[in-house]
Amino acid sequence: IQDIRNVLSRRFPVNIYLFPATVQGDAAPSQIIKGIQYFNEEFPVDLLIIGRGGGSQEDLFCFNDEELARTIFTSQIPVISAVGHEIDFTISDFVADMRAPTPSAAAELAVPDRQDIQGQIKGYLNRMKYATQEYFFSRKMELQEMESTINAHHPQKILENMHSRLNSAVLKMNYNVNTKVVSARNELDLLSIELRELSPQAALKRGYSFIVKERKLLHSIQNVKKGDELEVVLSDGKLKTEVKEIEK
């Protein structure tokens, strides 16, 4: 009995109820039968252990009783038979729900190891924690997606998008206008340079001169006769001259 108590206390403490009965001799079967009937009919429990320590075959012979075997077999409460040592076998072992080689082994079979249960509970808690976190994370992502959808169709958001597109269009238009203005200005500068190169003043600076008669530009000697007074225009001034001779 003490071995069973020690194992149960170490593995998984539970309430233990004893029914006094002899476990050898002629009176043993009837007393054990009364104990089985008591727990089945008057004081229900979760499990019955019928056991005793080792002994000779004569000491264990009471567990071969036919009436005891039938009572064990018909018990509504599960029965573990733990009679003698591992090498000892009785009829009670074969009709019980489970056989244990020793009473200590019966106690180990009767209850789980609380450390194993604690490990399982810890595993369940971790799984539950992970599942809960995963669930709330998924719901959070759904809410954020819904919020983004709502915000995207909010009038204020629509106005902001339109304002942003308008600003982009204005910036693009300003860029295009500025680009065209710069291009036109460059083209105008080139035309101005060409125009200056073609101007009379530019020709004068290159060493050419103009001859003016009576405030009109002279183009041919046919418009000149001997003795005419002419005006020669240079880049830095004018010359007054008289025609002395005409050559063709």
Amide H to amide H under 5 Å from residue 230: which residues, 5+ apart in sequence or cross-chain, H placed 1.01 Å off N in plane? 241, 242, 243
Counted charge near residue 24, where neighbours are those whose Cβ lies closer than 13 Å (Asp, Glu -1; Lys, Arg +1): -4
Set of lysines with alpha-carbon distance to residue 34 below 19 Å, sequence-local pairs under 8 removed: none
How about residue 226: which lysines have a C-alpha closer than 20 Å to its C-alpha, ignoring those fewer than 8 places off in the same chain? 213, 216, 240, 244, 248
For the chain, what is the calculated [θ] at 222 nm in deg cm²/dmol (nearest 500), taking -39500 (n - 2.57) for each run of four or more DSSP H residues and dividing by its residue count? -18500 deg cm²/dmol
Per-residue ³J(HN,Hα) for segment 33-38, Karplus 6.51 cos²θ - 1.76 cosθ + 1.60, θ = phi - 60°, Hz, x for Gly and Pro: 4, 4, x, 4, 5, 4
Provide the three semi-axes, in whole Å and in decreasing order, of the ellipsoid equivalent to the chain as defined by the square roots of 5 times the Cα gyration tensor eigenvalues. 137, 21, 12
Under 5 Å from the placed amide H of residue 211, counting only residues 5+ away or on other chains, we find 218, 233
Mean projected area (nm²) of the alpha-carbon convex hull when segment 5-117 is viewed from all directions: 6.8 nm²
Ranking of 229, 247 by count of other Cβ atoms within 10 Å, fewest first: 247, 229
A correct fewest-to-most ranking of 104, 92 by other Cβ atoms within 10 Å would be 104, 92
Bin width 5 Å, origin at 0, all Cα-Cα pairs of segment 79-162: what percent of pairs per bin? 3, 12, 11, 8, 6, 7, 7, 6, 6, 5, 5, 5, 4, 4, 3, 3, 3, 2, 1
At a threshold of 8 angstrom on Cα-Cα distance, excluding pairs fewer than six apart, so keeping six or more, what relative contact order does the chain reach in percent? 12 percent
Could you give the Stokes-Einstein D for segment 113-153 in µm² per second, using the C-alpha Kirkwood radius, 25 °C, 0.890 mPa s? 199 µm²/s
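Just so you know, all these numbers are worked out from the coordinates, no wet-lab data involved. These figures come from a predicted structure and were not determined experimentally. Cβ: placed from backbone, ideal geometry, glycine included. Neighbour counts: every protein chain shown.
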